[in-house]
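Student: Can you keep this structure in mind? I'll have questions shortly.
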Amino acid sequence: QVQLVESGGGLVQVGGSLRLSCAASGRTFSTSAMGWFRQAPGKEREFVVGISWSGVTTYYADSVKGRFTISRDNAKNTMYLQMNSLKPEDTAVYYCAAGPRASYSTATYAHWGQGTQVTVSS
């Protein structure tokens, strides 16, 4: 069982940066693939980025490539999302998720955090 807690969200101006963290409890973090998803009001939850258990392989949505960077520290049971050059369309609740393999699909991930709000003002 993995429990996930996101932090680091907030209000930022266009072009600004934020760093989200996802702290995990449980013994399986280091062997779990992880992902970040986001959900804006009135929209479906969408994939942002995924990372393999080792951190070697990453997958990015086209909308965030070159601006967002995912990383993980298995010794600290923590995953990070560095978000740069933020845009108003990045405004959403951001969720971290854990699963058996990295995937673009929400159905692949068995464990979810409660989410953290990111608001980008123009």
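Student: Against the definition (within 18 Å of residue 29 (Cα to Cα) and under 12 Å from the mean Cα position of the chain (by Cα)), how does residue 113 come out, yes or no?
Tutor: Values: within 18 Å of residue 29 (Cα to Cα): yes; under 12 Å from the mean Cα position of the chain (by Cα): yes.
So residue 113 fits the description; yes.
Student: Checking residue 118 against (1) more than 19 Å from residue 5 (Cα to Cα); (2) outside any helix (DSSP H, G or I), only one condition comes out false. Which one?
Tutor: For residue 118, the failing item is (1).
Student: Further question: Pick out, from region 6-79, the strands (runs of 3 or more DSSP E) lying fully within it that include 2 or more residues that are surrounded by 14 or more Cβ atoms within 10 Å (Cβ to Cβ). Working first, answer last.
Tutor: On the way: elements: 10-13, 18-25, 33-39, 46-51, 58-60, 68-73.
Per the criteria, 18-25, 33-39, 46-51, 58-60, 68-73.
Student: Between residues in region 53-66 that are farther than 17 Å from residue 77 by Cα and residues that are open to solvent by 60 Å² or more (accessible area, probe 1.4 Å) and at pLDDT 95 or above, which pairs lie under 6 Å by C-beta distance while being six or more apart or on different chains?
Tutor: Short answer, once both residue conditions are applied: none.
Here is a yes/no grid of residues against (1) within 19 Å of residue 85 (Cα to Cα); (2) modelled with pLDDT of 95 or more:
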site: 11; (1), (2): yes, yes
site: 22; (1), (2): no, yes
site: 26; (1), (2): no, no
site: 38; (1), (2): yes, yes
site: 45; (1), (2): no, yes
site: 51; (1), (2): no, yes
site: 55; (1), (2): no, no
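The values are calculated or read from the model by the stated rules, or taken from the named source; none is laboratory data. The model shown is predicted, which means the values in this text are computed figures rather than measured ones. Please note: Cβ atoms are built from the backbone with ideal geometry, for glycine as well, and neighbour counts cover all protein chains shown. Remember, those area values only see protein heavy atoms, side chains included, never the ligands or the DNA or RNA. Shrake-Rupley method; radii C 1.70, N 1.55, O 1.52, S 1.80 Å.
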